[in-house]
Each structure stands twice: as C-alpha cells, then as structure tokens.
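> Got a structure for you, questions after.
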Amino acid sequence: MVITVVCFLLVLAVPTTAVTVNENPANDDISLEPTSPYATTTDDGQLELDFDALNDRAVSTFDDVFEITVTDDSVERIWLSDAPDGVQFYQDGNAHDRIDETSPLEAAAGETTTVGVTVSTHADPPSSGTFTLHAEYEDEGEDEKSANIELVEMTTVDRAVTAGETLTVQATYENHGDVSGTTVAQLTVDGVVVDEQVVSVGAGETETVTFERTMQQSGTFAVGVDDGEPKTVTAQPPDEPAPDFDVTDADLAADSIAQSESTRVTATVENTGNATGEFLAELAVGGIVVNDRSVELEPNESDTVTFEWQFDEPGTYDVAVSGLEAGTVTVGEPREYEVLNRVFSSPSVAVVGLSGAVGMLFVAGVVRRRWNL
C-alpha cells in the first residue's frame, strides 16, 4: 500500500518571487532546510524562498536553494507537481534534472538532496495557484506503479526551407509505464534549447507535440528534440525580395565576474538580403535561450544588439547570441564590500526601484497523509 504526503501552497502575486514551505512536516519523515541567501526560516518555522528583480522574458536559475532530507526508511520516492506556470524545481545543480513524477528523488534515509528553482518570465505569472510535494511509502506486498515516458520519434515536416520560413518539428512520446505522467519536450538548434513544451501522456499511450520555429538565417542547422539524434535542416537564401541575416562579432564585456553581478553581451546583426526585415537576436546562457532583442534592418544595413545579463549562481557558463559563441564567463563568490558611513544633507529621500520585477508568493499549509487504495 502506498501513502502520499501532500503539501498545499497558496500563491499570490507580489513584486518579488517568494516560496514558503513548511520546514517540519508533521510526520518528521522529510525535513526541509535553507542552504542559500534566497532561503530563510520564518518565526513560525516555515521555509521562505525570496527571489528579487527577475529579468523580463527570461529564465532565471537558482542552484542549491534549499535541501530535502529523508529521515524514514519507508519513504520510497519524492516529487513535486502542479507548480505554477514558469516555476520548476530541479536537483543537485542540474536545471535539466527536474523533480517531478517522471524523475523523482529516490534518496534513502539520512540522504540529503539539494533543490534548485527556475523561474520563467516569458509568460505572465499566475495570480494564484498551488504545487504539491509527494512522498510515497511502499508496502512489501504491493508493486510500485510509475510512468515511463520516452521520445520514440522526431520528424521535421520539411528538411529544406527558405530563410524567413517556419520549420515545423514534431516529437512523439510513448508512456511504457502503468500510470499517467508528464515530461518536458525541448527543441534544440545546434545544441541550444530554443523552445520547450510540457507533454502529458497516459499509461500505455502516445502523445505528439508540435514545435514551429522561424528560420531567420540561411545556412545548415542541427535541429533536435531532447537528447535525440538531431536532423540536418538547410535554410536556403531567399530568391524573391526578402531579408536574410548574419550574426557576427559576438563578444563578452567581462569573462570573470562575482555572483549577482552582470556582464554585457554584444553582437553585430547584418541584413544580407534584399528587403527590409526584423531579426530576433537570442541570448543563450548555459545552452538555453534566456532573452531576446528585436532589430529592424534595411538591406545591407547592420546594427549592434546588446544584452545585460545577471548571474545569480557561481559557476562557468557558455554564452552565445543566435548560435554564435560569445565566450565563457566564470562567476565567483560575492564580493566583500567595506561599509562606509555617509551623511546626507537634510531633507533627503532615497527611492529604490526594481525594474522588470516579476514574481509570486508561495505559502505552505499543513502536511497531510493520504492513503491511495
């Protein structure tokens, strides 16, 4: 027999992102502890996660935000589900290793797993919502049921398109398990994640998702889904009067910065076609598109696009603009600053503004056990 522990969380829109989780579940089988500046324990014993000033139309990642420790040998699996749109949880510093029903935690008693959070602001955050934390306990007499979803086919409607046309890519998933489940389909171009969709697949069923990608530049590209073998797609230069674009001179202003600092990324975009057109330059950090800029150019005209990107976690990140490598940036620990006393003439008013801040407030309720018969 399987027991599921469920945490219910209330979501409210505020100018920052905050997540509050009950730190000490009633059964003491699982403990949650803060491990970063983004996590604190409130006076009433709850774990609160607070992310300030998120970038607009971007995906922000926060590694090692809090940790989950299993304290009971009977806990078999732990996963998180029903998170608001744009919010995902992942484990051990790998943003692609999400914590969900298809990829649960399977820690034994005494083991600890670090949990990170990604917040996407490409869509408006919800004004309310919930997410659920599950912990399964298995009896010796009952077999565990689970989803087992895999990519079984990836096709492109047309392997040869003209620059400016839309490429259609279809991915088919099959669930070999005995319960329904979800997975995240990721479209890649030359190894960079440029789009993603959540796929729900019933037990023993298949589901096909469709991606549409405008090929803005002529050339040859490797287009794939997830970790499957990519297919070669050729975008021909346009014959009729039409724009065509080339990206050159991608550059990083600084290749070594401290945590929470930002660096400037620039690239030159040229319209090599014979008609005026608009190009959407995409900034990729760590192999994932995180921001974009639009520029309109006449034939033979060029312009510089500029991105300012803040790095919230230490590490080494590859940076590129529309597939062109700009370099690698190394993010170190936060700098230490000397605090100086400063006297302001009276009267003085200090105003602090957070531009583009988007977020949510998550408040956890009481952990309950539910018997699944």
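Rule-based calculations on the coordinates, nothing more; no lab input. Here the structure is a predicted model, which means the values were calculated and not measured. All Cβ positions, glycine included, derive from the backbone under ideal geometry; neighbour counts span all protein chains shown.
> Quick one: Cα centre-to-centre distance for the stretch 245-304 and the stretch 194-238, in angstrom?
Cα centroid to Cα centroid, the span is 22 Å.
> Can you give me the pair-distance distribution of the stretch 149-236, C-alpha pairs, 5 Å bins, whole percents?
3, 15, 26, 23, 14, 10, 6, 3, 1, 0
> Grab the eigenvalues of the alpha-carbon gyration tensor for the stretch 238-301, scale each by 5, take roots, and send me the semi-axes largest first in whole angstrom.
30, 11, 9
> What number comes out for the charge environment of N274, summing +1 per Lys or Arg and -1 per Asp or Glu over other residues with Cβ under 11 Å away?
-4
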